[in-house]
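Structure first, then comments.
Please treat every number below as a calculation from the coordinates, not as lab data. For clarity, every value in this text was computed on a predicted model and none was experimentally measured. Don't worry about glycine lacking a Cβ; one is built from the backbone with ideal geometry, like all the others, and counts go over all protein chains shown.
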Amino acid sequence: MAATEPPRRPTQRDIARRAGVSTATVSYVLSGRRGGAKPPPQETRERVMRAVAEIGYQIDHSARSLRRRRTDLVGLMYPAPSSPWSDRLAEQMQAAAAERGLAVVALPVSESTPSDALLRVLRERYVDGAILLPDCPLGGAELSALARQGLSLVVFDDELRPDGFDVVRQDRARSCRAAVERLVALGHRRIGYLAHPGESEWAPARSVKLHGYRRVLGEHGIGVDPDLVRPVADSRPDAYAAVRELLGRPDPPTALLSATDRAAIDAIWAARDLGAAVPEELAVIGIGNIPEGLVISPALTTVGAPVLDFSREVARLFARLESASPLPDAVLAAPWELIVRESG
């Protein structure tokens, strides 16, 4: 019995023949590109897509990537769990990518995630470029090597020098220290800290929040009470429970700095549920400046970017991707601020 040959896969030439257009028009429509000198009219696009459905055509992304030496994917590497801050950046990246027929891949980094699996996405060019938020596990030497291999990178970091990639400076350490300085200036001496899990073991460059807390207290001769440092900033239920327990002690803190706004908001809820007035009996400052901090009562004093807008950083990534020649390195200033409201 003769072997049965597999059916021939439909091609873009087949689509063009069925839709009555050129193969160049089919390629344009299927690539998802927008703009251009003379984009095909909507009726032509619809005719092409009907032909695609009728003949059962499917794009072979792997073959196209090999042929074009592009993946049409960009990555966002961020510390897990996600936050309104990283969510807003992802949203703006997705909008810009969609305009260009590209897609965004999320790369969450956590203490339990093997970093090699995530870094492989960059090292083996599963994406054409990426934005890296603070505390992601890549050093300057490796970032430079990736850039030399053609990867477009925008990196949020206060210490790195750009070398084939762009750096966004937020000056997080200064603004986090300013938050603790404010609490000390208000007369507080029992100041607690809601930390990220594992933050006490991080290198100083990563633990700018905890490091700033300890440094300011030391400069003012205030000892750090380890019982007032709780690794609960990434879990709202844990933060709520920890603050209730702290406030029930014979020597409770009179102020709290939280590594996240979300935990700070739950600290306010815990204090209110126990009948402790904020800020009179417990001053609270968060870090992140998320929108929820404006609607809780009292409004949350916080540290962060004044506006959650990353259009400049997103535009820079796509400028690198689309440039015919390497762009000069850039340092983009996006400093955090201490935003004083009612809670502390």
Output ordering of 216-228, 94-106 (per-residue mean of other Cβ within 10 Å, highest first) is 94-106, 216-228
Taking placed amide H atoms and a strict 5 Å upper bound, the residues 5 or more places from A283 or on another chain that come that close are A255, L256
Computed over the chain: longest principal axis from alpha-carbon atoms vs helix 208-219 long axis, angle to nearest 10 degrees, is 20
Full extension between H220 and S311 adds, at 0.36 nm per residue less the Cα distance, a length in nm of 28.8 nm
Per residue, the convex hull enclosing the alpha carbons of the stretch 298-344 has a volume in Å³ of 58
For the stretch 215-344, Rg(Cα) over 2.2 N^0.38 Å is 1.34
In nanometres, the difference between 0.36 nm per residue of separation and the alpha-carbon distance of V340 and A106 is 81.0 nm
Taking only the alpha-carbon positions of the chain as identical scatterers, the Debye log10 I(q)/I(0) at q = 0.12 Å⁻¹ comes out as -0.89
